[in-house]
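K.L.:
Mind having a look at this structure? Questions to follow.
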Amino acid sequence: MKLITFSGPPSSGKTSVISKMIRAYLERGTKVGVVKFDCLQSNDDKIYARLQVPVLLGLSGQQCPDHYYISNIEDVFNWGAGIHLDILLSESAGLCNRCAPHIRGIPAVCVIDQMSGVHTPGKIGPVLRFADIVVITKSDIVSQAEREVFEMNVQYVNPRAEIFHINGLTGQGSAELIEALDGYTNDSVVTDNKLRYPMPMALCSYCLGETNIGARYQLGNLRKIKIPEENTGGSK
């Protein structure tokens, strides 16, 4: 079975791109399934279910969605292999732009929205920097110049990635993406494999449920903002 991980900022078009890919896979007789990782609520599992493919939905609740994802991906992978899927598509949301869901040796796709702003690629961390493939959505509604500048900024962050422009409404461009993914091996390995980049770190009093504000309540792994020592309050 081939596992393909999809990630990217919220509302960047991940579900639309995956839906178009599923239709193409089904047309050629590929048995495909999906797992959706999210935080508090999602209706995307219903969208996938209407395509009549096996689907799982995992909600992290109060836990970091990245940590929830990596704690469950092995079980999810075994589920897909157990029902004899050819391809399992995993979708996770990069809510803080610091997420790192990519696994070594497993094709990793980052979906990013052209309309999110020309400087957005530089604000996204490992989820973009360590992807094999970057999908840019909504580029059909901007000028050619804007499209080229945005793509250049993506290449600056991740010069190794293949870049595809896909229309989430029509599916135009998804065939090229599928063709590129066909080039990856079909025997994905999760157990005893490694992430491409460490997960975000946090183990502090607020992780454990603290709600009070103040230095005396703060324990654990903390980072404090650097404030100049000189008086910045302005002249009297």
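K.L.:
What's the percent breakdown of Cα-Cα distances in region 123-235 across 10 Å bins, shortest bin first?
P.N.:
10, 23, 24, 20, 18, 5, 0
K.L.:
Would you count, across the chain, every pair of lysines whose alpha carbons are under 19 angstrom apart, provided the pair is eight or more residues apart or spans two chains?
P.N.:
Final tally of qualifying lysine pairs is 16.
K.L.:
Could I ask something else about it? So, with +1 on the Cβ of K and R and -1 on the Cβ of D and E, and no other charges, what is the size of the charge dipole of the chain about its Cα centre, to the nearest 20 debye? Kindly include the intermediate steps, with their values, before the conclusion.
P.N.:
Values: 23 positive and 24 negative charges, 115 e Å.
Computed charge dipole of the chain: roughly 560 debye.
K.L.:
Okay, moving on. Can you pull the one-decimal nm distance between simple spin-label points at ASP75 and ARG28, each 7 Å off the Cα toward Cβ?
P.N.:
Placing both labels 7 Å beyond Cα along the Cβ direction yields 3.3 nm.
K.L.:
Which one, ASN167, ASN212, VAL190, is farthest towards the positive end of the dipole of region 134-236 when Lys and Arg carry +1 and Asp and Glu -1 on their Cβ?
P.N.:
ASN212
K.L.:
Can you give me the Cα centroid spacing of region 24-94 and region 127-188 in angstrom?
P.N.:
If you average the Cα positions of each part, the centres end up 21 Å apart.
K.L.:
If you work out semi-axes √(5λ) of the Cα gyration tensor in Å from the coordinates, which of (1) 50, 17, 14; (2) 34, 24, 16; (3) 30, 20, 15 do you get?
P.N.:
Identified label for the calculated read-out: (2).
K.L.:
Let me ask something else. Between TYR217 and ARG160, what length in nm is gained on full extension when 0.36 nm per residue of separation is reduced by their alpha carbon distance? Please report the intermediate quantities before stating the final value.
P.N.:
Values: separation 57, 0.36 × 57 = 20.52 nm, distance 4.40 nm.
Net length gain for the segment: 16.1 nm.
K.L.:
Given the Cα-Cα distance of HIS119 and HIS67 and 0.36 nm per residue of separation, how much length would full extension add, in nm? Please report the intermediate quantities before stating the final value.
P.N.:
Working: separation 52, 0.36 × 52 = 18.72 nm, distance 2.72 nm.
Once the chain is fully extended between HIS119 and HIS67, it gains 16.0 nm.
K.L.:
May I ask you to derive the relative contact order of region 8-124, considering only C-alpha pairs under 8 Å and at least 6 residues apart, and to give it as an integer percent? Write down the numbers at each step before the final one.
P.N.:
Numbers: 135 pairs, mean separation 43.7, N = 117.
Relative CO of region 8-124 lands at 37 percent.
None of the figures in this text is laboratory data; all of them are computed from the coordinates on show. This is a predicted model, so every value here is computed, not measured. Don't worry about glycine lacking a Cβ; one is built from the backbone with ideal geometry, like all the others, and counts go over all protein chains shown.
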